[in-house]
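Data block below; observations after.
The values are calculated or read from the model by the stated rules, or taken from the named source; none is laboratory data. Please read all numbers here as calculations on a predicted model, not as lab measurements. A quick note on method: Cβ atoms are made from the backbone with ideal geometry, for glycine too, and the neighbour counts reach across all protein chains shown.
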Amino acid sequence: MASRGVEFTGTMEVQERHRFDAARLAAYLTPRIEGFRAPIIAEQFRGGQSNPTYRLTDAGGLRYVLRRKPPGKLLPSAHAVDREFRVIAALNGTDVPTPRAYVLCEDDSIIGTAFYVMEYCDGRVLWDPLLPDVPVARRRDYYRSEVETLARLHRVDYRKVGLEDFGRPGSYVLRQISRWGKQYKASETEAVEAMDRLLEWLPANAPANDETTIVHGDYRFDNMIYHPSEPRVLAIIDWEISTLGDPMAELSYLLMIYRIPKEQNGLQGLDLAALGIPDEAEMRRWYSDISGRPPSDAWEFYMAYNIFRVACIRQGVYARSLDGTASNRLAAESGKLVRPSAELAWGLVEKMRAGHA
């Protein structure tokens, strides 16, 4: 949940290992994108760490974004730029703000790996959930726009936009608990009693909810591009782990920040009214109003599940830092947050159990 603002903002010269033949790329794109003119200038975004991302400027000054698989040996299902392109293209015809999808190229001979090109949205990314660069009186509007945009995504009929085979419908949370639990155990470095309890309790108490929608997978402020001066979302970006899933799991992931202590870059313990930030209950009401979906009776379960998921992710990052394969220089710090996250999640479970006693 940490802010990544300065480190990942803007562009830089293309890194040596991510360079490609710009002339060959321009020759490929010219007949495929109307109005595209060679030659091009390529710059690499500082973000987009998993899939290298570039800003292309053509001879006429028009800008585009290219996302590609990284070079080197990859896991078969990782860095699926074809899936990203597919979901963005499918959503282009809906009221969900997405960049216009132009072209997908799966021919490795053009720039060395598969890639796609989409619209460049000239706006801003809000890296800090406290919105320090937004006037206090307007912060509420940005939060409302964030949750209403998610509600619009979850309203899309995935069958009507051709995404009926984009994932497995039903049992999403159970499958996620199993997946993250296995990854946690594979990267475990010390015994954490709260995690062991969660691994036993969560699958046995998952809600019987088979509702399925398109889910982004990592929906939050820093995966959205806002208008430069208005509380309006221009585009949701970084669709790498999007699939078909449970809308309540995704909404609770977004609102989990209200349960995270301020010391861990969350909103828990802050004076939200003074900051101009709506509270969790209000965000849930806004979502229900737009989506038409009633509040979930299993809300606290979803919160515990998501905090458990974060603990698993942090353990994996920490384990990779120990064997030297983690790319984030702060990866080792993740290890310190595994136990607090697990204990926070188990604390929610204990409150639920006490309520049902």
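Here Arg138 passes the criteria (1) among the basic types (Lys, Arg); (2) farther than 21 Å from Ile257 by Cβ; (3) surrounded by fewer than 16 Cβ atoms within 10 Å (Cβ to Cβ) except the one numbered (2). Output the residues belonging to the range 45-59 that are more than 20 Å from Ile225 (Cα to Cα) and either surrounded by fewer than 19 Cβ atoms within 10 Å (Cβ to Cβ) or modelled with pLDDT under 90 (or both). Ala59, the sole residue that qualifies. From the set of residues in the range 91-108 that are surrounded by fewer than 16 Cβ atoms within 10 Å (Cβ to Cβ) and in contact with an Asp or Glu (Cβ under 8 Å, 6 or more places away or on another chain), which is modelled with the lowest pLDDT? My answer is Glu106. The one condition from (1) of a type outside the set (Val, Ile, Thr); (2) more than 27 Å from Arg197 (Cβ to Cβ); (3) buried (at least 18 other Cβ atoms within 10 Å of the Cβ) that Tyr302 does not meet is (2).
One line per residue, one yes/no per condition, for (1) of a type in the set (Lys, Arg); (2) at pLDDT below 90; (3) in contact with an Asp or Glu (Cβ under 8 Å, 6 or more places away or on another chain); (4) within 19 Å of Ala249 (Cβ to Cβ):
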residue	(1), (2), (3), (4)
Ile277	no, no, no, no
Phe301	no, no, no, yes
Asn306	no, no, no, yes
Val317	no, yes, no, no
Ala332	no, yes, no, no
Ser341	no, no, no, yes
Gly347	no, no, no, no
His356	no, yes, no, no
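A single entry from Tyr158, Tyr143 fulfils the requirement of being part of a loop (DSSP other than H, G, I, E, B) and hydroxyl-bearing (Ser, Thr, Tyr): Tyr158. Beta carbons closer than 9 Å, at least 6 apart along the sequence or on distinct chains, pair a first residue in the range 170-191 that is assigned by TED's automatic domain parsing to the domain that holds Tyr318 and closer than 12 Å to Ile313 by Cα with a second that is among the polar types (S, T, N, Q) and part of a helix (DSSP H, G or I) for Gln183/Gln315; Tyr184/Gln315; Ser187/Gln315; Glu188/Gln315. For the range 224-240, does any single residue satisfy the condition of being of a type in the set (Asp, Glu), in a helix (DSSP H, G or I) and in contact (Cβ under 8 Å) with a residue 60 or more places away in the chain? No: the range 224-240 contains no residue that is of a type in the set (Asp, Glu), in a helix (DSSP H, G or I) and in contact (Cβ under 8 Å) with a residue 60 or more places away in the chain. Does Arg144 count as over 21 Å from Gly292 (Cβ atoms) and among the basic types (Lys, Arg)? When the stated conditions are applied, Arg144 does not pass them.
Yes or no, residue by residue, for (1) surrounded by fewer than 17 Cβ atoms within 10 Å (Cβ to Cβ); (2) more than 23 Å from the chain's Cα centre (by Cα):
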{"residue": "Tyr143", "(1), (2)": "no, no"}
{"residue": "Thr149", "(1), (2)": "no, no"}
{"residue": "Val156", "(1), (2)": "no, no"}
{"residue": "Gly162", "(1), (2)": "yes, no"}
{"residue": "Gln183", "(1), (2)": "yes, no"}
{"residue": "Ala194", "(1), (2)": "no, yes"}
{"residue": "Ala204", "(1), (2)": "yes, yes"}
{"residue": "His216", "(1), (2)": "no, no"}
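Is it the case, given these coordinates, that Leu126 is surrounded by fewer than 21 Cβ atoms within 10 Å (Cβ to Cβ), outside the structural domain of Ala273 (by TED's automatic domain parsing) and either modelled with pLDDT of 95 or more or assigned to a loop (DSSP other than H, G, I, E, B) (or both)? For Leu126, the condition - surrounded by fewer than 21 Cβ atoms within 10 Å (Cβ to Cβ), outside the structural domain of Ala273 (by TED's automatic domain parsing) and either modelled with pLDDT of 95 or more or assigned to a loop (DSSP other than H, G, I, E, B) (or both) - is not met.
Could you tell me whether the range 67-79 includes any residue that is surrounded by fewer than 15 Cβ atoms within 10 Å (Cβ to Cβ), of a type outside the set (A, V, I, L, M), within 18 Å of the chain's Cα centre (by Cα) and farther than 30 Å from Ile277 by Cα? Yes, the range 67-79 contains at least one residue that is surrounded by fewer than 15 Cβ atoms within 10 Å (Cβ to Cβ), of a type outside the set (A, V, I, L, M), within 18 Å of the chain's Cα centre (by Cα) and farther than 30 Å from Ile277 by Cα. Modelled with pLDDT under 95 and either touching a Cys at 6+ places or on another chain (Cβ under 6 Å) or on the phi > 0 side of the Ramachandran plot (or both), is that true of Asn209? Spelling it out, it is not the case that Asn209 is modelled with pLDDT under 95 and either touching a Cys at 6+ places or on another chain (Cβ under 6 Å) or on the phi > 0 side of the Ramachandran plot (or both). Among the candidates Ala38, Ala27, Ala42, the residue that is in a strand (DSSP E or B), at pLDDT 95 or above and farther than 29 Å from Ile214 by Cβ is uniquely Ala42.
In the range 109-120, the residue that is nearest to Asp238 (Cα to Cα) out of those that are touching a residue at least 60 places away in the same chain (Cβ under 8 Å) and buried (at least 19 other Cβ atoms within 10 Å of the Cβ) is Val117. Can you confirm whether the range 76-98 contains a residue that is in contact with a helix residue (DSSP H, G or I) (Cβ under 8 Å, 6 or more places away or on another chain), in a loop (DSSP other than H, G, I, E, B), in contact (Cβ under 8 Å) with a residue 24 or more places away in the chain and of a type in the set (A, V, I, L, M)? Within the range 76-98, one or more residues are in contact with a helix residue (DSSP H, G or I) (Cβ under 8 Å, 6 or more places away or on another chain), in a loop (DSSP other than H, G, I, E, B), in contact (Cβ under 8 Å) with a residue 24 or more places away in the chain and of a type in the set (A, V, I, L, M).
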